[in-house]
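The values are calculated or read from the model by the stated rules, or taken from the named source; none is laboratory data. If you're wondering where the values come from, they're calculated on a predicted model, not measured in any experiment. Note: ideal-geometry Cβ built from the backbone for every residue, glycine included; neighbour counts use all protein chains shown.
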Amino acid sequence: MTHATSHLTPGMFVRHPAKPEWGVGQVQSNIGGRITVNFPDEGKLVIDGNLVELVPVFDRE
C-alpha cells in the first residue's frame, strides 16, 4: 500500500495544515506512513500520514 505521504523523505521541510503556529518542520524519518518531524517550537513529533497530509515546503523565505 502506498501512503499519500510516502514522497516525504528525511531532510524535507513541511508544514502541518491544521497547526500553522508550529512553523516549518524538518522530516526526520518516514516509516510506514509514520512521519517524525522536528518542528522548531513544538519539538519532535510523530505524525500519522494516514490522518494528516503534511504540506511540503520548497521555499523557506
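Per-structure values
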{"read-out": "Every pair of residues 6+ apart whose Cβ atoms lie under 6 Å, when the first sits in the stretch 49-61 and is loosely packed, with under 10 Cβ neighbours inside 10 Å while the second is at pLDDT 95 or above and assigned to a loop (DSSP other than H, G, I, E, B)", "value": "none"}
{"read-out": "Which listed residue, of Gly43, Gly11, is surrounded by fewer than 12 Cβ atoms within 10 Å (Cβ to Cβ) and without any contact (Cβ under 8 Å) to a residue 12 or more places away in the chain", "value": "Gly43"}
{"read-out": "All strands (runs of 3 or more DSSP E) inside the stretch 1-51 with 1 or more residues being out of contact with any strand residue (DSSP E or B) (no Cβ under 6 Å at 6 or more places or on another chain)", "value": "25-31, 43-48"}
{"read-out": "Restricting the stretch 25-44 to residues that are within 9 Å of the chain's Cα centre (by Cα) and aliphatic (A, V, I, L, M), the residue that is nearest to Ser6 (Cα to Cα)", "value": "Ile35"}
